[in-house]
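First up is the structure itself, then whatever we jot down about it.
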Amino acid sequence: MRNTSQRRASILQMLTQHGSVQVTPLVEQFGVSAVTIRSDLSALESQGVATRSHGGAVLTRTAVTEQTIHQKDALNQQQKDRIGALAATLVQPGENIIIDSGTTTISLARHLHGAQDVTVLTNGLNIAWELANAPGVDLIMTGGLLRKQSLSIQGAQAEACLQAYSFDKLFLGVDGFDLQFGVTTHHEAEASLNQKMVERAKKVIVLTDASKFGRVSLHRIVQLNRVHTVITDASISPEYSQGLRELGVELLIAE
């Protein structure tokens with residue numbers, strides 16, 4: 001079953017990258033029968049991420065074109081504020097946490113001004129600015145290259161600085177969230193840095209409004225077996241709320 005799951009995840013990644021796949025090349029690549037590959041494509045179709053075509057399949061579910069952080073900030077503001085407020089209740093005095101860049105994660109930063117004895121590492125320029133005057137927060141910023149599209153700092157220098165630390169919790173923002181493919185983002189360097197964050201954190205908490213469910217962006221950050229908690233809004237579909245619970249992921253709804 002694990003081989004089946006891994007193969008289907010690989011096929012989905014190929015679909016995301018190329019927009020379509022063909023049965024014959026997949027048979028040769030994975031060393032399985034055409035019947036098996038067709039079964040894989042049918043399973044992806046049943047999940048809504050692919051549509052069967054003659055001799056293969058095409059991608060039917062993907063994230064929208066990437067928006068700037070200013071455009072994102074204007075979307076789903078009330079939901080994001082509730083998510084941030086709920087996430088802040090999970091931060092305990094004395095903890096060391098990572099807050100990933102993003103417009104949902106900054107809502108968490110806005111609710112941490114009353115935090116006590118908390119150390120925050122962030123790669124988000126906007127998040128650092130938000131917490132600069134929080135008296136109970138010690139702030140660490142990654143080095144690296146600023147990506148203006150997202151106000152996030154990334155690159156080899158940002159990744160290297162994480163190696164010296166251990167964190168209690170990572171609060172992670174996402175561009176896409178799929179039950180099979182996992183958590184994704186538009187940009188390769190951001191995905192790479194996020195992966196390093198996951199490695200350094202004892203607990204991974206994803207903050208996302210429900211609009212991100214069912215979207216698949218190009219670069220996977222992590223599969224859901226490494227995610228401990230998801231905080232979202234009440235618009236989450238029954239498919240996703242049930243799917244997360246079946247995977248053993250804690251689901252918190254910000255009302």
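Just so you know, all these numbers are worked out from the coordinates, no wet-lab data involved. This structure is a prediction, so every number in the text was calculated from the model and none was measured. Neighbour counts run over all protein chains shown; Cβ positions are idealised from the backbone, glycine included.
For the peptides 237-247, 207-217, 79-89, the ranking by packing is 207-217, 79-89, 237-247, with the highest mean count of neighbouring Cβ atoms within 10 Å listed first. Helical runs (DSSP H, four residues minimum) scored at -39500 (n - 2.57) apiece and divided by the length of the chain put the mean residue ellipticity at 222 nm at -11000 deg cm²/dmol. Given springs between every Cα pair under 10 Å in a Gaussian network model of the chain, which of H111, H54, H18 has the largest fluctuation? Maximum fluctuation in the GNM of the chain, among the listed residues, is at H54. The length gained on full extension between E45 and R200, counted as 0.36 nm times the residue separation minus their Cα-Cα distance, comes to 52.3 nm.
Of all beta bridges that DSSP places with both ends in the chain, some 40 percent have antiparallel geometry. Close amide H partners of I221, meaning residues 5 or more places away or on another chain with modelled amide H under 5 Å apart, are V183, T184, T185.
Comparing Q223, T208, T122 along the charge dipole axis of the chain, the residue lying farthest to the positive side is Q223, per the Cβ-charge model. The stretch 131-167 and the stretch 183-255 have Cα centres separated by 21 Å. Summarising the amide proton neighbourhood of E95: residues at separation of 5 or more, or on other chains, whose placed amide H is nearer than 5 Å comprise T119. In a GNM of the chain with a 10 Å cut-off on Cα contacts, which of V32, V21, V204 has the highest mean-square fluctuation? Residue with maximal mean-square fluctuation among V32, V21, V204: V32. Of all DSSP-defined beta bridges confined to the stretch 163-244, some 40% are antiparallel rather than parallel. Note on the chain: GNM, Cα springs under 10 Å; of A189, A156, A57, the largest mean-square fluctuation is that of A156. Annotation: amide H-H contacts under 5 Å for R215 (H modelled 1.01 Å from N, sequence separation of 5 or more, or interchain): F177. Coupling constants for the stretch 109-122 follow from the phi torsions by the Karplus curve (6.51 cos²θ - 1.76 cosθ + 1.60, θ = phi - 60°), and in residue order they are 4, 5, 9, 9, 5, x, 5, 10, 6, 10, 9, 10, 9, 9 Hz; glycine and proline get x.
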